[in-house]
Amino acid sequence: MGNQVQVGRSGELLAAYYLESFGVETSIVHMGATDIIAMVNNNYVRVQVKSREKTDKNRYDFFICKGGKKEPLTIMDCDILALVGLPHKQVFFMHMKEMKIGRHIKKNVNIFNDDELARSTWNRAISFLNYGNASMRSRLSKDVSLPFENIIVAPNVMTT
């Protein structure tokens, strides 16, 4: 396919495509560790996309880190992780609460043969979302204008 930027962009577009096909409004934003903002039940959900174009010994090895220091992602960085297997044109969504702290997630390629993988894993991932305490909007860390609402989110607003 090409360089890492092309691989990453292709994964973001595929993940956004699946979400839009499920009726979820999306915006590709590249905001910190967030690649896609999805609107779920009138709340923003931060999605980080990790894409692979090649397999290693019948598995995809996703490198789950951020920044130059390559620190592992946490729930403070994003809500949902989208693991994209480009050769299979499939996405495995998982909530950050499901992830063990580490730098890699390895997934057997056979799970990417399931035509319902994206839908079933998205439904599971959003089942972990908690809308009770504070709006997901408060977790956004920068100003961002979202085309589906044309609003500006206040910078650095954190609530617990």
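The values are calculated or read from the model by the stated rules, or taken from the named source; none is laboratory data. Quick caveat, the model's predicted, so the values are computed rather than measured. Here the Cβ is made from the backbone with ideal geometry for all residues, glycine too, and neighbour counts use every protein chain on show.
Tabulated values for the structure
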quantity: Subset of region 52-97 that is of a type in the set (D, E, K, R) and under 15 Å from the mean Cα position of the chain (by Cα) - its residue that is surrounded by the most Cβ atoms within 10 Å (Cβ to Cβ); calculated: ASP79
quantity: Members of region 31-48 that are charged (D, E, K, R) and within 19 Å of ASN123 (Cβ to Cβ); calculated: ARG46
quantity: Whichever residue in region 26-65 is out of contact with any strand residue (DSSP E or B) (no Cβ under 8 Å at 6 or more places or on another chain) and either part of a strand (DSSP E or B) or of a type in the set (A, V, I, L, M, F, W, C) (or both) and, among such residues, is modelled with the lowest pLDDT; calculated: HIS30
quantity: Among the candidates LYS66, LYS70, residue that is over 21 Å from GLU116 (Cβ atoms), in contact with an Asp or Glu (Cβ under 9 Å, 6 or more places away or on another chain) and in contact (Cβ under 8 Å) with a residue 24 or more places away in the chain; calculated: LYS66
quantity: The listed residue being more than 24 Å from ASP114 (Cβ to Cβ), within 13 Å of the chain's Cα centre (by Cα) and of a type in the set (Ser, Thr, Tyr), out of TYR18, TYR44; calculated: TYR44
quantity: Of residues in region 112-147 being surrounded by fewer than 11 Cβ atoms within 10 Å (Cβ to Cβ) and within 17 Å of the chain's Cα centre (by Cα), the one modelled with the highest pLDDT; calculated: SER127
quantity: Filtered residues of region 1-43 (kept if buried (at least 22 other Cβ atoms within 10 Å of the Cβ) and under 20 Å from ASN130 (Cβ atoms)); calculated: LEU19, THR34, ILE36, ILE37, ALA38
quantity: Single unsatisfied condition, GLY102 versus (1) surrounded by 12 or more Cβ atoms within 10 Å (Cβ to Cβ); (2) in contact (Cβ under 8 Å) with a residue 24 or more places away in the chain; (3) in a loop (DSSP other than H, G, I, E, B); calculated: (1)
quantity: Long-range neighbours under 6 Å by Cβ, at least six apart or interchain, first residue more than 14 Å from THR74 (Cα to Cα) within region 45-56, second of a type in the set (Val, Ile, Thr) and surrounded by fewer than 22 Cβ atoms within 10 Å (Cβ to Cβ); calculated: SER51/VAL7; GLU53/VAL7; THR55/VAL109
